[in-house]
1. Under the definition of Cα pairs under 8 Å and six or more residues apart, what whole-number percent is the relative contact order of the chain?
2. May I ask you to list, by number, the DSSP H helices of the chain whose Cα span along the axis is at least 27 Å and whose average Kyte-Doolittle hydropathy reaches 0.0 or more?
3. Can you tell me, using C-alpha contacts under 8 Å and at least 6 residues apart, the relative contact order of segment 5-67 as a whole percent?
4. When the helix-only estimate is applied to the chain (DSSP H runs of n ≥ 4, each -39,500 (n - 2.57), divided by the residue count), what is the mean residue ellipticity at 222 nm, nearest 500 deg cm²/dmol?
5. List the lysines whose Cα lies under 17 Å from the Cα of Lys335, skipping any in the same chain that are fewer than 8 positions away.
6. Need one number: nm distance between label points at Ser80 and Asp18, each 7 Å from Cα along Cα→Cβ, rounded to one decimal.
7. Quick one, can you get me the convex hull of the C-alpha atoms of segment 253-317 expressed as volume per residue in Å³?
8. For a quick protection proxy, order the peptides 238-248, 343-353 by their average other-Cβ count within 10 Å, most packed first.
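Just so it is clear, none of the values below were taken in a lab; they were calculated from the coordinates. Just so you know, these numbers come straight off a predicted model, no measurement behind them. As a convention, Cβ positions derive from the backbone with ideal geometry for all residues, glycine included, and neighbour counts pool all protein chains shown.
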Amino acid sequence: MQPEPWMVDELAGVLGVDVERVEKLLEKRSIRFMVYRGLPYFSLRKKVGRADEGTCVVMVKGAPLIVPGYPHIARIGILSRALARHFPGDVVVEEKMNGYNVRAVYFEGRVLGITRRGLICPYTSIRLAELYGEQLRSFYSEHDPYEYTVYGEVVGSENPYVRVSYPEAPRFGYFVFDLARRGELQPLETRDGEAGKHGLRTVRRLGVINPRSAGALEELWGILESLGREGREGVVLKDPDHAVEPLKYTTTAVDIADIRAGMRYFADEGRDYLYSRLVRIGFRLYERSIDPSELAAELGLAVLQPMVEAIREVAEKGASYEEFTLPFPGYAEAKEYVDYMERLGLELEVVDITPSSGRVVLRLRKPKPETTTLTSRILSTGLIGYD
């Protein structure tokens with residue numbers, strides 16, 4: 001499906017670039033054109049003109065809706081140095097939840113769940129509408145979607161992207177972490193007040209510290225160690241008025257859990273998961289003067305055990321794949337999601353469709369082709385390759 005010429009003209013105007021540049025970026029798929037339930041939109045996979053990566057532009061003739069992307073947050077390597085140098089005053093410590101970033105918008109009578117890449121995810125939109133539709137309608141009845149954007153994290157076991165269950169949201173939960181007006185992040189007090197007024201949950205506030213006070217660093221380490229014992233991801237450190245950019249820091253527990261998850265599909269995801277998290281852990285051990293031997297066994301198992309499981313899986317089943325289930329209101333919605341993933345070029349195999357309690361539960365299989373190919377070749381030839 002191709003955009004109509006007027007849409008390309010409108011987008012060029014929004015971005016502040018010429019039409020020819022938009023057309024070239026569409027050809028390269030740096031800009032995607034998609035349609036969600038009759039609503040045409042563009043998603044930006046890179047910064048273009050005035051719009052940042054992840055921006056979603058919903059096409060309404062003469063009045064396109066611009067949903068700005070969320071800025072990437074810098075990751076801390078050495079906490080003690082970053083804390084005092086970066087923040088001019090008090091720091092709000094909030095929980096960093098382990099899910100996926102979603103902008104929730106109520107526009108033209110429907111809830112839109114927009115992922116970090118600027119795509120309207122059908123599944124996310126359906127679940128947000130089911131569970132938070134009333135709250136989002138309430139919020140956007142007072143706040144124009146052309147001006148305001150709600151940013152939040154989707155967590156829980158029932159989603160297509162990052163499946164981590166939380167006691168407060170075992171299946172599907174949405175937690176607001178920021179509110180923007182015309183692309184500018186609002187003070188946390190404003191966010192909390194507006195979210196509370198309209199019944200939306202926010203991420204947990206874990207404390208407020210003065211980075212120059214004597215006990216600030218140890219207080220923060222105490223928060224991180226408590227989160228680590230619970231297997232939670234980490235923290236985001238914010239200036240209460242967003243006077244400076246926020247910073248994030250993860251726990252050792254989640255870094256090791258991520259390595260374990262990535263090495264389960266070692267040729268597809270293992271490289272990216274392993275290196276970055278080892279660097280994080282290495283700097284943490286250095287900063288805290290921790291003997292590496294304290295983590296050696298746990299870390300070694302996180303690397304090797306899932307890899308061996310993957311090899312056995314290919315040896316016994318002939319392929320490596322990830323399976324997950326998603327509930328839908330009906331068959332039409334389930335098909336809509338599968339079609340959406342195919343449109344993005346992401347291969348999904350529908351293993352089973354089961355009616356359950358008035359819903360349709362889809363069991364999906366996501367192939368891991370690189371792990372399958374590499375493992376199959378080594379198993380058949382006995383050779384890994386040439387060094």
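1. It rounds to 13 percent for the chain.
2. Values: long enough: 293-317 (36 Å, 0.44).
Length and hydropathy pass: 293-317.
3. Details: 91 pairs, mean separation 16.6, N = 63.
With pairs under 8 Å counted, the relative contact order is 26 percent.
4. Numbers: 11 runs with 154 residues, N = 387.
After summing the helix terms and dividing by residue count, I get -13000 deg cm²/dmol.
5. Cross-link targets: Lys366.
6. It works out to 5.6 nm between the two label points.
7. Numbers: hull volume 4.2 nm³, N = 65.
Each residue corresponds to 65 Å³ of Cα convex hull volume.
8. Values: 238-248: 17.0, 343-353: 12.0.
Averaged packing, sorted descending, gives the order 238-248, 343-353.
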